[in-house]
Amino acid sequence: AGGPAPLLALAVALRALNCFLVQTSFVPDEYWQALEVAHRMVFKYPSPNNYGHLTWEWAHGLRSYSYPLIFASMYKALQLLAQDDVQLLIWVPRLAQAVLAAFADVKLYSLVRHLENAETAKWVYFCQLCSWFTWYSCTRTLTNTMETLLTIFALSYYPIKGSKMGSSCKYLALIALAIVIRPTAVIPWIPLVFSHFLQEQRKADLILHSCIPIGLVTIGTSLVIDRVFFGEWVLVQLNFLKFNVLQNLGTFYGSHPWHWYFTQGLPVILGTHLPFFIHGCVLAPKRYRIFLMAVIWTVLVYSTLSHKEFRFIYPVLPFCIFFCGYSLKHLKAWKKSAASFLLLSNLVPALYTGLIHQRGPIDVMSHIQQLCNNSYQSQAFVFFMMPCHSTPFYSHVHCPLKMRFLQCPPDLTGNESYIDEADVFYSNPLGWLNKEFYNDTLLPSHLIFFSVLEQEISSFLALRGYEKTATVFHTHIPQGRVGSHIYIYRKNTEVNH
């Protein structure tokens, strides 16, 4: 492996391929907190549904427009060039994310080459490109992805002992940007910034000339951007903290045992890198202990929150990859076998999760896009009878089609007996449908739901003249309300009464 130029070319090519080989859905936020918001910012057509849906987080000012603004500017450019085709709206943001991920891969290489040597850097780079979870996540439009990439960039300017590339201003500015995009980005950096502060000779300088100006500029910019799009002054980071920490409303989305990140979260995202990570931690010199501290601290902090997800600890993965590469470099006899093992064992989960597992929502949207092409569009009314936010929305349709899904905002008023629309629906689907669509003129033209629901509502479908027009594969592991397939039913308009 030569210098960064050939490595960058390789990384860009690989991440572009990565982008197109990830055709599955991971979590709703990928669309609903990024593309959906960006689509609404740019294409507010004068249509009844305002051509885009903002989730409750936006109504309560818990999210910053800074991240969607990145994609909104891409959408705006496509619109001005009259190239706002739905496929481009889907793939351009993902490709941009992929290119950024490639730059981060090379930044990680350069950092290790600078701290250690080209040989160790090569192995870290190899481990990074091998990681199945990085493959699965790095081209997605998730705030967690951007948080992770900015963490890598910030790390490359972090003044660790023995580093000549350290730059307080650069790394602090990158952290600040990450915090604006996702306030939790501060967590892994607490031990790192604290350690830097302790070692820093010119402490007053660091605070007065780096921390304060960077903090003010970042908060100022963030405030102005949010003022423009919310139409009022909102301090998003404060609202986010109030909601997630003080009210602990995250539990609304499910809770896990305290040890979940140690027993499942980290082992799953590390996969077969785990033994090399542990080996690397044992081998690595004392000065890298701060990286391990950042990992342990972050996992501990997230363990205290009841709502847990794999993606939350994604930003510590690059730290772990560093130790994996360190381990491989120091393996004597087994180096080749270890490398082949890592490559093959990560290939299977990367391809399976990227191409097969949970691909239903994306495939369903391409069926719905067909409704935009014909004169039928004005009569069409698509109703998603699925756990809420199961599919993308207007960002993947890009025409003012009438669409509806089951709502599920958490209750913010403290009402003990509150039940959201999706729960009400699932407690008695047939009764709900008959009550909601008591009149034939209200009926949707298309119903979309998971296969597990079909049996329960079959009488409604038959009586109202719906017929199945498509079956879309979703997952081999159906759970609860989520079935193995998604069915599309169309109302037969030719029925003669």
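The values are calculated or read from the model by the stated rules, or taken from the named source; none is laboratory data. Because the structure is a prediction, the values reported are computed rather than measured. Heads up, the Cβs are rebuilt from the backbone with ideal geometry, glycines too, and the neighbour counts pull from every protein chain shown. Note: accessible area is taken over every heavy atom of the protein model, side chains too, but ligands, DNA and RNA are not part of it. Shrake-Rupley method; radii C 1.70, N 1.55, O 1.52, S 1.80 Å.
Side notes on the structure shown:
- Summed over segment 79-133, residues that are aliphatic (A, V, I, L, M) and not in a helix (DSSP H, G or I) total 2.
- Identity of the residue in segment 299-333, part of a loop (DSSP other than H, G, I, E, B) and farther than 19 Å from TYR136 by Cα, that ends up nearest to the chain's Cα centre (by Cα): HIS307
- Any hit, segment 80-87, residues being surrounded by fewer than 18 Cβ atoms within 10 Å (Cβ to Cβ), over 17 Å from HIS396 (Cα atoms) and polar (S, T, N, Q): no
- Of the numbered criteria (1) more than 21 Å from GLN201 (Cα to Cα); (2) in a helix (DSSP H, G or I); (3) of a type in the set (Val, Ile, Thr), the one THR139 fails is (2).
- Of the residues MET386, MET365, MET403, the single one that is outside the structural domain of ALA38 (by the TED database) and touching a Ser or Thr at 6+ places or on another chain (Cβ under 8 Å) is MET365.
- Selected residue (criterion: modelled with the lowest pLDDT) from residues of segment 249-284 that are in a loop (DSSP other than H, G, I, E, B) and open to solvent by 50 Å² or more (accessible area, probe 1.4 Å): SER255
- Against the conditions (1) open to solvent by 20 Å² or more (accessible area, probe 1.4 Å); (2) modelled with pLDDT of 95 or more, LEU246 satisfies every one except (2).
- First in segment 287-304 and of a type in the set (Phe, Trp, Tyr), second anywhere and buried (at least 19 other Cβ atoms within 10 Å of the Cβ) and not in a helix (DSSP H, G or I), Cβ under 7 Å, 6 or more apart: TYR302/LYS308
- The strands (runs of 3 or more DSSP E) located wholly in segment 334-451 that include 3 or more residues which are surrounded by 20 or more Cβ atoms within 10 Å (Cβ to Cβ) and in contact with a strand residue (DSSP E or B) (Cβ under 6 Å, 6 or more places away or on another chain) occupy 381-385, 446-450.
- Subset of segment 456-471 [within 22 Å of THR391 (Cα to Cα) and open to solvent by 10 Å² or more (accessible area, probe 1.4 Å)]: GLU456, TYR466, GLU467, LYS468, THR469, ALA470, THR471
- Residues of segment 410-448 satisfying the condition of being farther than 21 Å from ARG464 by Cα, aliphatic (A, V, I, L, M) and touching a residue at least 24 places away in the same chain (Cβ under 8 Å): LEU412, ALA422
- Selection within segment 114-129 - open to solvent by less than 30 Å² (accessible area, probe 1.4 Å) and closer than 11 Å to GLY325 by Cα: THR120, ALA121, VAL124, TYR125, CYS127, GLN128
- Residues that are in contact with a Cys (Cβ under 7 Å, 6 or more places away or on another chain) and not small (Gly, Ala, Ser), drawn from segment 307-327: ILE321, PHE323, CYS324
- Given (1) open to solvent by 20 Å² or more (accessible area, probe 1.4 Å); (2) hydrophobic (A, V, I, L, M, F, W, C); (3) in contact with a Gly (Cβ under 7 Å, 6 or more places away or on another chain), index of the condition PHE153 fails: (3)
- Residue within segment 57-68 that is open to solvent by 10 Å² or more (accessible area, probe 1.4 Å), modelled with pLDDT under 90 and at positive phi present: no
- Residue, least open to solvent (accessible area, probe 1.4 Å), within segment 472-488, restricted to residues that are within 22 Å of the chain's Cα centre (by Cα) and without any contact (Cβ under 8 Å) to a residue 60 or more places away in the chain: PRO478
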